[in-house]
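Step one of this worksheet: look at the structure below.
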Amino acid sequence: MKAIRFMKPETIELSDIPMPVCGPDEVIAKIAYAGFCATDIELLTGEMVHIKNGNTKYPLVPGHEWSGTVVQVGSEVQGFQVGDPVTSDVSLGCGKCDFCRQGHYNLCPNREVVGSYRNRQGVFAEYVAIPQRHLYHIPAGVSLEEAALAEPAATAEYAVRRARIPAGAKVLVIGDGPIGQMAAQLANLQGASMVIMAGSWDEKLAIAKSCGIAETINYHKEDVPARAKELTGGEGPDIVIETSGNNSALVQAVQALRPTGRIVAVSWYNGDSVPVAMNTVIVKDAELIGTLASPNSFTPVLEYMASGKLKVKPIITHVRPLEELPAVIDMIRAKKEMRIKVLLQP
């Protein structure tokens, strides 16, 4: 089958590689759409933490956001059949350890991660093999394009769930990319009285407003903590969800937060240490919460998509053939063209 491989830092190859072998508890799916993520650039540059610590090695097939159709089922698989539209988790746990049995398969010591950790084959390819326990049916009414965003939506859902948003809370979401866009919508669904999005593109912020976000802040034009406090009556937001992975944004989150509030950090940050005013966190009697991946979150976001409560179509700004990945990366690095989610088609 055809697949994109990263052969070494900054080297992309469109390769012919063997088809995945279907294990007894696995399915093989033909990939319809694969989402491009910032993590994929980190894998290409070699800056991704899994590359640095040796848990992922070149060459690798990247890509972890996808939708597709089942073409083969293993002998032990139940509930899935050829022709079913599906998507899957990214973190694949062993299913047997204490973490997996408790539902924390994102922390499984034996886990693999699609498209990265321990070189589990990714979805920048024609086919992928996935264990049944990590597979999800795509509900009726959800297109394969939309379902390709289930993974970033599930990551946003996990962050929002970890935030424990009280009814009527005021929420600041930092970052106008796919996870930020969907976290803001999901915060609305969890009962926030006001959701504010801070981002860098007026066009992206306009899309957020069209999806029901009350207020937006362009951080190139306004001071985020000051404006967030102004919008919340001088108190600051009760919850801040930081999705950008920018070190300075985490500092702004601490500055903006209302005392007794919670900050949820979703992204990887640059460097081994991030300068955070921990004394301010302590003085505010606040919580700083980290989240990893998207455990137990696919089913609710797929249901939200099916019901129309979570709007993902406006977030899809580009659809390109898989072989155009180098041009897509050039476009992203140039930062001249507005984009939120880019989907690739094998």
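Which of the residues belonging to the stretch 1-38 are over 27 Å from Phe80 (Cβ atoms) and either surrounded by 22 or more Cβ atoms within 10 Å (Cβ to Cβ) or aromatic (Phe, Trp, Tyr) (or both)?
Of everything in the stretch 1-38, just one residue is over 27 Å from Phe80 (Cβ atoms) and either surrounded by 22 or more Cβ atoms within 10 Å (Cβ to Cβ) or aromatic (Phe, Trp, Tyr) (or both), namely Phe6.
Give, as residue ranges, the helices (runs of 4 or more DSSP H) completely inside the stretch 223-341 that count at least 2 residues that are under 21 Å from Ala32 (Cα atoms) and open to solvent by 50 Å² or more (accessible area, probe 1.4 Å).
Per the criteria, 298-307, 325-334.
Is it true that Arg227 is at pLDDT 95 or above, at positive phi and among the basic types (Lys, Arg)?
no
Go over the candidates Glu215, Glu222, Glu242, Glu157 one by one and state the one that is in contact with a helix residue (DSSP H, G or I) (Cβ under 6 Å, 6 or more places away or on another chain) and either aromatic (Phe, Trp, Tyr) or without any contact (Cβ under 8 Å) to a residue 24 or more places away in the chain (or both).
Glu215
For the stretch 257-290, which residues satisfy the criterion of being in contact with a strand residue (DSSP E or B) (Cβ under 7 Å, 6 or more places away or on another chain) and β-branched (Val, Ile, Thr)?
Ile263, Val264, Val266, Val281, Ile289
If I ask for residues that are among the β-branched types (Val, Ile, Thr), part of a loop (DSSP other than H, G, I, E, B) and closer than 21 Å to Pro295 by Cβ, which ones from the stretch 50-102 would you list?
Listed by number, the residues that qualify are Thr56, Val90.
Determine the pairs where a residue that is open to solvent by less than 20 Å² (accessible area, probe 1.4 Å), located within the stretch 47-68, has a partner that is of a type in the set (Lys, Arg) with Cβ atoms under 6 Å apart, the partner being 6 or more residues away or on another chain.
From residues that are open to solvent by less than 20 Å² (accessible area, probe 1.4 Å), the pairs are Val61/Arg5; Gly68/Lys30.
Could you pull out the residue among Glu230, Glu203 that is under 21 Å from Ile315 (Cβ atoms) and acidic (Asp, Glu)?
That would be Glu203, the only listed residue that is under 21 Å from Ile315 (Cβ atoms) and acidic (Asp, Glu).
If you go through the stretch 279-299, how many residues are farther than 24 Å from Ser244 by Cβ and under 18 Å from the mean Cα position of the chain (by Cα)?
Residues flagged as farther than 24 Å from Ser244 by Cβ and under 18 Å from the mean Cα position of the chain (by Cα) within the stretch 279-299 amount to 2.
Among the helices (runs of 4 or more DSSP H) lying completely within the stretch 126-201, list those that include at least 3 residues that are at pLDDT 95 or above and open to solvent by less than 10 Å² (accessible area, probe 1.4 Å).
Counting at least 3 such residues, we get 150-163, 178-189.
Step by step: first the residues of the stretch 202-222, then only those that are in a loop (DSSP other than H, G, I, E, B) and among the hydrophobic types (A, V, I, L, M, F, W, C), then the one that is surrounded by the fewest Cβ atoms within 10 Å (Cβ to Cβ). Which residue is that?
The qualifying residue surrounded by the fewest Cβ atoms within 10 Å (Cβ to Cβ) is Ala214.
Pull up the stretch 97-120, narrow it to residues that are of a type in the set (S, T, N, Q), out of contact with any strand residue (DSSP E or B) (no Cβ under 6 Å at 6 or more places or on another chain) and surrounded by fewer than 21 Cβ atoms within 10 Å (Cβ to Cβ), then point me to the one that is farthest from Gly74 (Cα to Cα).
Step by step, filter the stretch 97-120, then rank; the result is Gln102.
Of the residues in the stretch 6-36, how many are within 18 Å of Glu112 (Cα to Cα) and either assigned to a loop (DSSP other than H, G, I, E, B) or basic (Lys, Arg) (or both)?
6
Among the residues in the stretch 301-320, are any more than 22 Å from Thr243 (Cβ to Cβ) and among the hydroxyl-bearing types (Ser, Thr, Tyr)?
yes
The values are calculated or read from the model by the stated rules, or taken from the named source; none is laboratory data. These numbers were taken from a predicted model, which means no experiment stands behind them. Glycine gets a Cβ as well: all are built from the backbone with ideal geometry, and neighbour counts include every protein chain shown. Heads up: the accessible areas ignore ligands, DNA and RNA and are worked out on the full protein's heavy atoms, side chains in. Shrake-Rupley method; radii C 1.70, N 1.55, O 1.52, S 1.80 Å.
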